[in-house]
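Worksheet: one structure, shown below.
Bear in mind these aren't lab numbers, they're just calculated from the coordinates by the rules spelled out. Keep in mind it's a predicted model, so treat the numbers as computed, not measured. Quick reminder, even Gly has a Cβ in these numbers, built from the backbone with ideal geometry, and neighbours come from all protein chains shown.
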2 protein chains.
Amino acid sequence: METLTVALGERAYPIHVGRGLLDRCDLLVPFLRQPKVAIVTNSTVAPLYLERLAQSLRRAGVDVADILLPDGEQFKNWQTLNSIFDALLQRRCERSTTLVALGGGVVGDMTGFAAACFQRGMPFIQIPTTLLAQVDSSVGGKTAINHPLGKNMIGAFYQPKLVLADTDTLGTLPDRELRAGLAEVIKYGVIRDLAFFEWLEENIEHCLQRDPEALAEAICRSCRNKAEVVVADEHERGERALLNLGHTFGHAIEAGLGYGEWLHGEAVAAGTMMAAQLSLQLGWIASPEVARVEHLLQRAGLPVTGPTLAVERYLELMRHDKKVLAGKLNLVLLKGVGHAVVSDAASLAEVASAIARRSVHA
Amino acid sequence: METLTVALGERAYPIHVGRGLLDRCDLLVPFLRQPKVAIVTNSTVAPLYLERLAQSLRRAGVDVADILLPDGEQFKNWQTLNSIFDALLQRRCERSTTLVALGGGVVGDMTGFAAACFQRGMPFIQIPTTLLAQVDSSVGGKTAINHPLGKNMIGAFYQPKLVLADTDTLGTLPDRELRAGLAEVIKYGVIRDLAFFEWLEENIEHCLQRDPEALAEAICRSCRNKAEVVVADEHERGERALLNLGHTFGHAIEAGLGYGEWLHGEAVAAGTMMAAQLSLQLGWIASPEVARVEHLLQRAGLPVTGPTLAVERYLELMRHDKKVLAGKLNLVLLKGVGHAVVSDAASLAEVASAIARRSVHA
């Protein structure tokens, strides 16, 4: 087991990465304010891991309630969030009960937002069971639900007390989701860590083959990058926006197709290539650098072009994105592999052109 | 105009109290991060004050969107909150647009919570137009909506950038609402400020007659008390709970009758007497002190007994309250006039007895 810390002063918390952590409730119990937790999970993860976690907690004398959500991005909405509140109240959970998110990014984002809002804030713990959640969404305190007009539009910055990333849970992850998680792993290399990008060029096949050591290394290096960025800029006033490489394009893909059609990581991969294309058009990077990013994404089995969606539809959806500032489109662009910047330098026409060159046409 | 400061470090903000502040957009404009605001108000307040505020802002070059809510505590729910999000997105409001709450406590609580959640947090300003909002809900950053199982169950601690309390707006306030606001004013005296309580004993009729100087004095002294408590304990881990005198009983009254039947301040007044009664039963205060509080509330035209509601129903509703900790009922009780404490010393039987003695029986 390796342990990192997100050094946010009085909101600091540890991230444990390793095998068999689901049984290690000794890591979790010291963070409980009362011997009671509510575990939020979904219908896919519950049969795999819920009983193991719940048993381990019950043996330690903890009262465990469980809250089951339907599985899928399309359920990341008010209705599902409300069902968490209903369950918390019906089961007499209190402000000092701890909410535990057991699952992927959707479960983590919704559970975190529920914890932020229930009685104006209760403690919560992240136990991510997908690669995407282990390397990205469980760390850094971004919680949210979607709105019909935009992804993650309604949410809060709310930090967990603890993150437990049990790499054994990746054993049951479908291949497609493993690859989608790798999109975010590769992202850290592209935006700020050339050495990590090079390590991935060497080890991407080991990750795809689920070699436990390769995956643990990829998760730790990803979390370390994320933790550094979050500590420097918790509320995304500056540097943290770099983590959104490919995301403004990607969110448009997800919203345009209907949430759940493409996985988040797949949309981010295609969006990353749009950002790279735009950076190329601006003369900020050269073709071989674009090709290098593209090649690694392709080796990871990820899409490198967007789906059939009119360019005008992209622009319309992107204008709703949170990264719009004073009417200008702020995008994460590349100055090199391992060096991203936030910029509003690209005109809408240039953005449209980059999308067109990186999309499948109807 | 008098100005107080809520000294919360980087989240510090001023409260201006005085006449004609609705026209003083010079007080507001320096706090805007972009020249765009969305004013949230309701169907009662809009015809009275919306145009005046909007005009004053437009003359200063600010783009103004307005969002109209239905009036009433029964609309303090998800559906109405969602209508704010819909409007913000339809009008292309951004993370740096400022949300302005123009109205009473319901408008302020919902607008504040919308600001806390929209794109994970946008700036907001409180312009309270009721006495209750000016002395209580607009100050301190408690935002929330109701849940069918409990009042203010879903919310956030989220501080405004500025509070503008224009005492002229109290001129249009119905008498019943003025009296309800006085319940919270009296509360500050009862929990921690005997001198203020004595001032109110001298001046309650001037307040009821809407003497501008008496009202301004009552508002400033209330806000000063509230600001001191909030600064000492922003997230209600201790002292801040004192502000809930009468509220756990009061919330049960509001929920038991259906939100909107009794005004919040009316329920708090009756709840305050239940807390005083319970303190008397515990031997913590004497009958003349109970009578002194009762007399002042009565002079303010407020109820001093609860409505027809079974004691068991009270207890059931109170158990859902946020003040429950590890299964014990934490209540604000009195050690004297001007001296409240938070305590779980009262047994459920004693609580039931106090409720019974202070309720109208069916």
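Below, the figures for the structure above:
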read-out: Cross-link table A:Lys142/B:Lys161; A:Lys36/A:Lys161; A:Lys142/B:Lys151, entries beyond 24 Å C-alpha to C-alpha; value: A:Lys142/B:Lys151
read-out: In degrees, nearest ten, helix A:78-90 long axis to first principal axis of chain A (Cα); value: 10
read-out: Ordering of B:293-301, B:37-45 by packing [mean C-beta count within 10 Å, highest first]; value: B:37-45, B:293-301
read-out: Student exercise, the stretch A:2-172 dipole from Lys, Arg, Asp, Glu Cβ charges, in Debye to nearest 20; value: 440
read-out: Cα long-axis angle, helix A:348-357 against chain A (0 to 90 degrees, to the nearest 10); value: 90
read-out: Unit charges at the beta carbon, dipole of chain B: most positive-side option, B:Val337, B:Gly271, B:Asn244; value: B:Asn244
read-out: For chain A, built as a Gaussian network whose Cα springs stay under 10 Å, the top-fluctuating residue of A:Leu329, A:Leu131, A:Leu173; value: A:Leu173
read-out: Relative contact order computed over the stretch B:222-353 (Cα-Cα under 8 Å; 6+ residues apart), in percent; value: 26
read-out: Percent of beta bridges antiparallel (DSSP, the stretch B:99-252, rounded to nearest 5); value: 40
read-out: Value of relative contact order over chain B, rounded to a whole percent, pairs C-alpha under 8 Å and six or more apart; value: 15
read-out: Normalised contact order of the stretch B:43-202, rounded percent, pairs of Cα under 8 Å and 6 or more residues apart; value: 17
read-out: Crossing angle, helix B:264-281 versus chain B [Cα axis fit, 0-90 degrees, rounded to tens]; value: 30
read-out: Number of partner chain Cβ atoms within 10 Å, mean per residue of A:147-153; value: 4
read-out: Calculated label separations, B:His339, copies of the chain, 7 Å along the beta-carbon direction, nm; value: 6.9
read-out: For the stretch B:166-268: rounded, prolate or oblate by the Cα gyration tensor [a/c cutoff 1.5]; value: oblate
read-out: Using a 7 Å Cα-to-Cβ projection, A:Pro30 label spacings across copies, nm, ascending; value: 4.8
read-out: Within the stretch A:327-362, backbone nitrogen closer than 18 Å to the virtual label 7 Å beyond the Cα of A:Arg313 toward Cβ; value: A:352-362
read-out: Gyration tensor (alpha-carbon) shape descriptor, the stretch B:2-172, a/c threshold 1.5; value: rounded
read-out: Packing-based order for B:236-247, A:7-18, A:135-146, using average beta carbon neighbours within 10 Å, highest first; value: A:135-146, B:236-247, A:7-18
